[in-house]
Amino acid sequence: RSPRRPGAPSLSPAPRSGELGLPGAPESSAASAQGEPSPPSPPRRRPRPDCKAESRGRHGLCAGLGGPGARLFGWLKERSLGRGLFVDPARDNFRTMTSLYGSIHPADSVYLSTRTHGAVFNLEYSPDGSVLTVACEQTEVLLFDPISSKHIKTLSEAHEDCVNNIRFLDNRLFATCSDDTTIALWDLRKLNTKVCTLHGHTSWVKNIEYDTNTRLLVTSGFDGNVIIWDTNRYTEDGCPHKKFFHTRFLMRMRLTPDCSKMLISTSSGYLLILHDLDLTKSLEVGSYPILRARRTTSSSDLTTSSSSSGPRVSGSPCHHSDSNSSEKHMSRASQREGVSPRNSLEVVTPEVLGESDHGNCITSLQLHPKGWATLLRCSSNSDDEECTCVYEFQEGAPVRPVSPRCSLRLTHYIEEANVGRGYIKELCFSPDGRMISSPHGYGIRLLGFDKQCSELVDCLPKEASPLRVIRSLYSHNDVVLTTKFSPTHCQIASGCLSGRVSLYQPKF
């Protein structure tokens, strides 16, 4: 200890109750016992809790999780997976949004009359949620402000035939496709004229996707072609393009959020999955072996079919090419490299409960915003029934280098009202992936994986289970064909066959 000068004040702090080796009360307590008021102690002189209480405070989290043993490691594991409490603050926001969606009432909907523009085939919000675009049957594109419910502009001659799909490339640039076989690029800052028109398809263009990393536009049509457009080099005359893929009976095409896979649905009931997607390469049908399809039923069936059916590559369910030498060459090359080839194709016949193995027409195809699952709407061969199904991506090591690395497992399903036969009903995921909005007759249904609208990864069933109906909203006088969640606001839009667009908002 340092020596202390005589008469100098002590520099050591006053003893505090609860400190190790220093029993007794502080001086302020003694002064209070003599009846003299004691001044409030500064924060640094507040009595500290005893050692046992401090220990309990330090390990309170462990105690709340079941003890400092294995449960702590369980908590750490959940945290590493991003699934523990207080790990993802956005989850609390999503829980709040779920309760808001549950309070939506059709009486509070705002109706946007589209007059005589024909049926509404597609709805699309801008990424910042400031603009709602409407693709109409009668060659027009409508733009609305979804917040004020005001009409912004009508592109009266956007195309020469039905407008089928709209896709935003960023907050100002968007693309439209049409039955006139063309794709048009538009700029919100100058809507009087098109930026450019893209020619390349030979039949109705039905779908547009966009790779934000490479700025490549991907389109598909009823000509069976998937075409890549390089928007980095577009001019008034168009932009460079190439045919990437071809298959018969093509209905819809989607890219996963990370653009690592491409999914293609067909009217013959097949689902094509391109793995390790490389959009810079083109696929030729004739140079690949026989295209084989399989139904995803159980893990044992998947293993058997994966090991016996060989590589799955591009082609058509009805196109057979006996090129065994090509298959052997691909197999040897893949074994030398030790990895699966880029753009390897898996052909799946999605399982639909209660249906035969012949497969159904996959009319609508959507992907989970986090890339965990795919959402399909299937109709029976006789078009008597429709079903909405959710399939989880099953990732795993390939059985052999050239076999596919992923298959689908049916997790949730629900029967749909088959109203308006012959029309495709476009459904969608919510921005967080917790809910599904599905056209149902003259309205829409909000569906969840459970009643609490939990994450898909938190409520995966061992066997396929029904989707839960969170809320049903009926506000149209005709068959609803499309629906969409706002990416930024608690709002849902729906469009029907008679040309009406409805906006749904929470009831306060």
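The values are calculated or read from the model by the stated rules, or taken from the named source; none is laboratory data. None of the values given here were measured: they were computed from a predicted structure. Positions of Cβ are generated from backbone atoms using ideal geometry, with glycine treated the same way; all protein chains shown enter the neighbour counts. Side chains included, ligands, DNA and RNA excluded: accessible areas come from the protein's heavy atoms. Shrake-Rupley method; radii C 1.70, N 1.55, O 1.52, S 1.80 Å.
A compact table of results
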read-out: Convex hull per residue volume in Å³, alpha carbons only, for segment 435-497; value: 92 Å³
read-out: Where labels lie 7 Å past Cα in the beta-carbon direction, separation of GLN452 and ASN232 in nm; value: 4.6 nm
read-out: Value of relative contact order over segment 192-241, rounded to a whole percent, pairs C-alpha under 8 Å and six or more apart; value: 35 percent
read-out: ASP145 paired with ASN171, simple spin-label distance in nm, labels 7 Å along Cα-to-beta-carbon; value: 1.6 nm
read-out: Range of Cα positions in segment 172-260 per principal axis (Å), largest first; value: 37, 30, 19
read-out: Solvent-accessible surface ranking, highest first, for HIS241, HIS368 at 1.4 angstrom; value: HIS241, HIS368
read-out: Loop GluC sites (Glu not before Pro), segment 419-508 (other Cβ atoms within 10 Å of the site Cβ: 15 or fewer; DSSP); value: GLU463
read-out: Residues in segment 422-436 reached by a label modelled at VAL469 [backbone nitrogen below 17 Å; 7 Å Cα→Cβ]; value: 436
read-out: Alpha carbon convex hull of segment 109-236, volume per residue in cubic angstrom; value: 104 Å³
read-out: Ranked order, LYS425, LYS484, LYS190, LYS281 - accessible area, probe 1.4 Å, largest first; value: LYS190, LYS281, LYS484, LYS425
